[in-house]
Each structure stands twice: as structure tokens, then as C-alpha cells.
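Inspection log for the structure reproduced underneath, given as C-alpha cells.
The values are calculated or read from the model by the stated rules, or taken from the named source; none is laboratory data. Bear in mind the structure is a predicted one, so any value in this text is a computation, not a measurement. Cβ: placed from backbone, ideal geometry, glycine included. Neighbour counts: every protein chain shown.
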């Protein structure tokens, strides 16, 4: 639609479809990837190891939603189909990789059903961690605040108060409220973050993308904007589903104390509570989310590599990594970065 995904950018669409008597019964959103950018499940060390072995790592077959570290269905199966259909689709991904002589299959941010089918087909599971907010039994924002000890509760109130006292007004705009001014501002905020973290990040999106999402998903797109006397100085992009809020891109044209926490965390937690949503996923990374009400939550992916000399050591590493991640979660802390 906007040219942000395509062969020139390393994302060649190659959906894998399953039909029965001509009728589509299952599909997987797959891409032949010429790089490892925009994935959020990092395999750069595997790529380097493959080079030492003299094994080609790219291109590979990726099953994912581009630039989106959010879990969801990856093996899309028609309602009423038996479990064997999902398993056949998982096996077909590996066969496609073999036929195209790709290095492997990587299905990212999958659910439990998909992971089980992919493991049965020969993939190895990988566990990761995101910091997510879960509503639980809380009904109101005051209920949520009451779940903290007095020191942390005071800190949250202080951070929010200092933003307000600085004259900043943070609000969510949706639907028809999102016009050219808001889209221009969101693009500027996004680009400011890309520039700030260059060269470790890339500009995946542009103004046309933001406009397309606003036009095609008016009921789902939410922009959280910080206004200073009529000037928009910071913002974040959220997407709202039936039971969840997903936070994505953030940026600011001016540095203000605690503004990031207000725009990206507190404001959206309060909104999720007001809307009766069960969770808020603010994106990848960020151990600083832990003391602000976000819980370490497992994410899952599945990987298969065609070269046994590569897949064997990677499988061993993933087994060790799974044990370490679960041990850290059982201990009630965030796993170490790997």
C-alpha cells in the first residue's frame, strides 16, 4: 500500500497457502527476508556463526507481522478445521524453505497452538520477555495505584504531577480527531526517535504509512499527544483491539522530565482501565517498565535451520536460554539481555 514492505526493503511477500478441493483452509503470512531488520527477535549472532561455518544465512523465510513485536496468530486456520490442518501448514513452511533453498524458517511472536504445531514439524522454540500491563481484578485507576507500595505510589503521582505542572496536556485522539496536523506531528516524533537511536534503528515508516493507517483503521488507531500551549511536543502511536491496547512508536521534539513515562505508560494504562481492556502491551524492551506496573511476560517464537551444523548448536543454545528465562521469571525478576 505505502511501499514500506517489499523486495527492495528485504521483505518479499511469500504467503504460504493450504487448500482443500480448491478452497482455502489455512494460510501463513510469510516473507522471504534478505536482512534481519524490523523483526524484534534477534538472530544476528546466528548469522555471524553461520558465516564462520561458511554457511549462507540469508535469505530466510519469516512468518511475522512486519515491524510489530506483538503476539498473535501466525498459522491462520479456517474455523472448524482439525488440528492436522495447522500441523500440515507448519510442515509446509519447512518444505517451502527447502524448495526455495532458504536457510530456515522463523515464526515470531506465536501463540501456544501455533508453537506446538511448529515444534511438531521440527522447529525449536525460543522464549523472550516483554513487559506488559495486565488488568487483573482492578476496576479503576485508583485500584491500580493501590496495588503499589507507598513509595512507588508516591513516585508515580509525582512523575505525573510534574508533567502537568510543566503545562503539558496529554490526551488521546482517535478517528476524525486525527487530521493532517496530528499525522505530521506523529511522523516528526517518529523520525526524532529514529535519529536519536541511529545507527541502531532504521526508518521503516513514513507519512504515507501513518495516513494509510488512519484512513483504513479509524476505529483502531489512537494517537497519544502532549500539547504545550497549542504546540504538539511529543506523542505515541497506539492500536486498540477488542481487549487490548498496543503501544508502538514514540517520539518528542523537546526533552521534558517524565514526559516519556506519561505519554507511553501512565496515560495509556489509565485509558485501558477506563475502556475495560484487559492488557496494554507497550512494545519491546525496557526494564524500566517493571517498577511502573508492567509485568515480565513470556513471548514465543519457533525456528528451523536447514543446515544441521548450524541448527544443532542453535537448538542447544535455545534450550539453555529457555531454562534461563524461566528461572528468572520464577525468581520474579527480568531475564538478562542476550
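One table, with the values for the structure above:
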read-out: Answer residue from the stretch 42-58, given it is surrounded by fewer than 20 Cβ atoms within 10 Å (Cβ to Cβ) and in a loop (DSSP other than H, G, I, E, B) and is nearest to the chain's Cα centre (by Cα) among those; value: 42
read-out: Any hit, the stretch 172-183, residues being over 14 Å from residue 262 (Cα atoms), surrounded by 16 or more Cβ atoms within 10 Å (Cβ to Cβ) and out of contact with any strand residue (DSSP E or B) (no Cβ under 8 Å at 6 or more places or on another chain); value: yes
read-out: One residue from 100, 75 being surrounded by 14 or more Cβ atoms within 10 Å (Cβ to Cβ) and touching a strand residue (DSSP E or B) at 6+ places or on another chain (Cβ under 9 Å); value: 75
read-out: Scope the stretch 59-68; condition buried (at least 21 other Cβ atoms within 10 Å of the Cβ) and either at pLDDT below 95 or not in a loop (DSSP other than H, G, I, E, B) (or both); matching residues; value: 60, 61, 62, 63
read-out: Of all residues making up the stretch 300-338, the number that are surrounded by 13 or more Cβ atoms within 10 Å (Cβ to Cβ), part of a helix (DSSP H, G or I) and modelled with pLDDT under 95; value: 2
read-out: The stretch 29-40 - residue that is in contact with a strand residue (DSSP E or B) (Cβ under 6 Å, 6 or more places away or on another chain) and buried (at least 20 other Cβ atoms within 10 Å of the Cβ) and, of those, nearest to residue 93 (Cα to Cα); value: 30
read-out: Residue 109 being surrounded by 18 or more Cβ atoms within 10 Å (Cβ to Cβ) and either within 14 Å of residue 31 (Cα to Cα) or modelled with pLDDT under 95 (or both); value: no
read-out: Spans of helices (runs of 4 or more DSSP H) in the stretch 71-165 with at least 3 residues over 12 Å from residue 302 (Cα atoms); value: 83-99, 141-146, 150-165
read-out: Search result, residues across the stretch 1-27 that are in contact with a helix residue (DSSP H, G or I) (Cβ under 6 Å, 6 or more places away or on another chain) and either in a loop (DSSP other than H, G, I, E, B) or within 13 Å of residue 96 (Cα to Cα) (or both); value: 1, 2, 4, 16, 18
read-out: Some residue of the stretch 210-218 being over 29 Å from residue 35 (Cα atoms) and out of contact with any helix residue (DSSP H, G or I) (no Cβ under 7 Å at 6 or more places or on another chain); value: yes
